[in-house]
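Student: Below you will find the structure I want to go over with you.
The values are calculated or read from the model by the stated rules, or taken from the named source; none is laboratory data. Because the structure is a prediction, the values reported are computed rather than measured. Note that we place each Cβ from the backbone using ideal geometry, even for glycine, and neighbour counts take in every protein chain shown. We work out accessible area using only protein heavy atoms, side chains counted, and drop any ligands, DNA or RNA first. Shrake-Rupley method; radii C 1.70, N 1.55, O 1.52, S 1.80 Å.
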Amino acid sequence: MADLCLRNVSKRFGTVTAVTDVTLDFPSGHLVCLLGPSGCGKTTLLRLIAGLDAPSVGRILLDGEDITAVPAHQRNFGMVFQSLALFPHLSVGDNISYGLRVRGIDPAARRERTDALLDLVRLPGIADRHVSQLSGGQRQRVAIARALALEPKIFLLDEPMSALDAKLREAMQVELSQLQRRLGITTVVVTHDQREAMTMADTIVVIGGNRVQQVGAPLD
């Protein structure tokens, strides 16, 4: 678990300001939803946290350490993209264990970790199946398992359920929320769906006009 903090973070792309003077705290073990309409800056903010973009101004802290200049591959953050970004030519197991293989983990340990993650996301026994054989909900679970494979300090999700139908989306919201609570991992989810944020979040950060407008619990 980790405490993530943003201090006076802004991001400009040329003459366009995508994020303006954001100061936020993400407490250890909490699920925080960044909620707002398209173009409000919430995905840019997630990319800044991930290290995929660098802030123009401000600092990003993890457990009190300034990680603003630390590249994405050294932050040990797990991320699920909106497109899920699974490797279509690899099996389910190879997708999940890809990061472990890059780190030089031996095959037996990779398989053990992969099987444990598939059990965790309720997809046991499909490690050898091809990704193209999976449903949308199954692919999302595989993407989540892959992001968790390296035991990340922070878990980031960019509108991961936007491509699912309404019934499946509601079911996955509950499952993801329950999984996050079991793991106790600090999680940040980007969404434009108010109902999704209310269902899942411990804290909702409302973003509008590239600024944080309100922060509070769903009942607030």
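Student: For residues in the stretch 110-142 being open to solvent by 40 Å² or more (accessible area, probe 1.4 Å) and among the hydrophobic types (A, V, I, L, M, F, W, C), which is modelled with the lowest pLDDT?
Tutor: The selected residue is Leu120.
Student: Failed condition for Gln180, given (1) open to solvent by less than 10 Å² (accessible area, probe 1.4 Å); (2) touching a residue at least 60 places away in the same chain (Cβ under 8 Å); (3) closer than 30 Å to Thr17 by Cα, with all others met?
Tutor: (3) is the only condition that Gln180 fails.
Student: Further, regarding this structure: Looking at the stretch 53-63, can you tell me whether even one residue there is crowded, with 19+ Cβ neighbours inside 10 Å, touching a residue at least 12 places away in the same chain (Cβ under 8 Å), within 23 Å of Arg182 (Cβ to Cβ) and in contact with a Lys or Arg (Cβ under 6 Å, 6 or more places away or on another chain)?
Tutor: Residues of the stretch 53-63 that are crowded, with 19+ Cβ neighbours inside 10 Å, as a first pass: 55, 60, 62.
Then keep just the ones that are touching a residue at least 12 places away in the same chain (Cβ under 8 Å); that gives 55, 60, 62.
Checking the rest, the ones that are also within 23 Å of Arg182 (Cβ to Cβ) come to 62.
Among the residues that remain, those that are also in contact with a Lys or Arg (Cβ under 6 Å, 6 or more places away or on another chain) are: none.
Scanning the stretch 53-63 turns up no residue that is crowded, with 19+ Cβ neighbours inside 10 Å, touching a residue at least 12 places away in the same chain (Cβ under 8 Å), within 23 Å of Arg182 (Cβ to Cβ) and in contact with a Lys or Arg (Cβ under 6 Å, 6 or more places away or on another chain).
Student: List every residue pair whose Cβ atoms lie under 8 Å apart, where the two residues are 6 or more positions apart in sequence or sit on different chains, the first residue falls within the stretch 102-115 and is touching a residue at least 40 places away in the same chain (Cβ under 8 Å), and the second residue, located anywhere, is buried (at least 16 other Cβ atoms within 10 Å of the Cβ).
Tutor: Pairs found: Arg103/Leu150.
Student: Within the stretch 2-50, can you find the residues that are under 14 Å from the mean Cα position of the chain (by Cα) and in a loop (DSSP other than H, G, I, E, B)?
Tutor: Selection gives Gly29, His30.
Student: Quick one: in the stretch 78-109, of everything that is among the polar types (S, T, N, Q) and at pLDDT 90 or above, which residue is surrounded by the most Cβ atoms within 10 Å (Cβ to Cβ)? Lay out the reasoning, then the answer.
Tutor: Start the filter on the stretch 78-109 by keeping residues that are among the polar types (S, T, N, Q), which leaves 82-83, 91, 95, 97.
This time we only want the ones that are at pLDDT 90 or above, so: 91, 95, 97.
Details: Ser91: 17, Asn95: 24, Ser97: 26.
Ranking the candidates gives Ser97 first.
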